[in-house]
1. Note down the magnitude of the dipole of the chain about its Cα centre, charges +1 on Lys and Arg C-beta and -1 on Asp and Glu C-beta and zero elsewhere, to the nearest 20 debye.
2. Could you rank the peptides 34-41, 129-136 by their average count of other C-beta atoms within 10 Å per residue, with the highest value first?
3. Taking a Cβ-Cβ separation under 4.7 Å as the criterion for a possible partner, which cysteines of the chain have none?
4. Only sites in a loop by DSSP and with at most 15 other Cβ atoms within 10 Å count here; which GluC sites (Glu not before Pro) in the stretch 49-84 make the cut?
5. Add -39500 (n - 2.57) for each DSSP H run of 4 or more in the chain, then divide by its residues: what number comes out at 222 nm, to the nearest 500 deg cm²/dmol?
6. In a shell of Cβ-Cβ distance under 12 Å around R107, excluding R107 itself, what net charge do Lys and Arg (+1) and Asp and Glu (-1) give?
7. Which residue, chosen from G278, F331, I72, occupies the Cα position most advanced towards the positive end of the dipole of the chain, where the dipole is computed from +1 (Lys, Arg) and -1 (Asp, Glu) charges on Cβ about the Cα centre?
8. Please state, to two decimals, what the Cα-based radius of gyration of the stretch 109-338 comes to when divided by 2.2 N^0.38 Å (N = residues).
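Any read-out appearing in this document is the output of simple, stated calculations on the displayed coordinates, not a laboratory observation. The structure presented is a predicted model; accordingly, all values stated were derived computationally and were not measured. Cβ coordinates were reconstructed from backbone atoms using ideal geometry, including for glycine residues, and neighbour counts include every protein chain displayed.
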Amino acid sequence: MRKQLEEIQKSALETIRSANLAADLESLRVKYLGKKGALTAVLKQMGKLSAEERPVIGQLANAVREELTEAIARQSKLLEQAAMEAKLAAEVVDVTIPGTPVTVGHRHPMSLVLEEAEDIFIGMGFQIVEGPEVELADYNFTRLNTPEGHPARDWQDTFYLTEDGSVLLRTQTSPVQVHVMEQQKPPIRIVSPGRVYRKDEVDATHSPMFHQIEGLVVDKGITMADLKGTLEVFVQRLYGAGTKIRFRPHHFPFTEPSCEVDVQCFECQGAGCRVCKGEGWIELLGAGMVHPKVLEGCGIDTDLYSGFAFGIGVERMTMRRFSISDLRLIFENDMRFLSQF
Ligand code: DAH
């Protein structure tokens, strides 16, 4: 029996040490140490032994069991380590490889100019307010003294949202004037930036969606001189002290008198080119003294109060500010263009 035990010990140790898989180790444990294993089989024959032999063989059998148990544990640890090393080797990370560069974005030129403009107006004591882009025709037209039948209400020019023409995408930010005057008593001093929509063909200076900044001042004793002074300060702050602007008489239904304000063309400095369509000047905004009908329609006493209003084209303002010669560039989102600002 001693010999049997020694043989088991020898062959078991050999096979355990050469096992490559955890599963193999487990079947070896069953094969040698399990209930039906080789060692147990030997121990079952202990009864045949003499009283003197029994403790000696018993001790030996225990020693073999311990040794094999230990050998299996050791081999199992070795296999685990090897597996971990193989995994680490396979997943090696080269920390010296340059990383994927994270490109930092920045504001769109339109947002930059809008923010500059807002800052200038805030500096002059204006409040920033917002108005709805989906608007009632009543606010967009009627209450701005633009009755039914007025050419500005043409179905060809306006995106109506209902068959009866009562709801539309606002064609101008001017309806914000009415919203503000309904909610606030004078003195009023607001600007309202936002999107407006018209059925315009896309070209170098037109887009069916564009931005305006509406301005409205209502107080006692407001005159055209206040309008002129405000716009001159605004343009000089935005474009620099030497910037030339001109006021031209014009007509808007909701102002009387009305004017348009142009800035000298940045492309040709007034000589006339494609950008200014040969004019030398670029139209920047419409303005005027708020029509008494508009004020009275909002319950403002025209014996006490008067006001001026203006509507600036933000795309044109941006083009002038950054010398961009084609409006389409602003909306195409070409990174080669946008990353210049
Ligand atoms: N809403 C006009 C437009 O889109 C621009 C405008 C003109 C706004 C005169 C005004 C104004 O507030 O007083 O053409």
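1. Details: 38 positive and 48 negative charges, 446 e Å.
Charge dipole, the chain, about its Cα centre: 2140 debye, nearest 20.
2. Answer by packing, highest mean first, reads 129-136, 34-41.
3. C259, C298
4. On the way: sites: E52, E53, E66, E67, E70, E80; in loops: E52.
For GluC sites (Glu not before Pro) across the stretch 49-84 that sit outside H, G, I, E and B with at most 15 neighbouring Cβ atoms in 10 Å, the list reads E52.
5. Result for the chain, helices only: -13000 deg cm²/dmol.
6. That works out to -2.
7. Farthest along the dipole direction, towards plus: I72.
8. Cα Rg divided by the expected 2.2 N^0.38 Å: 1.00.
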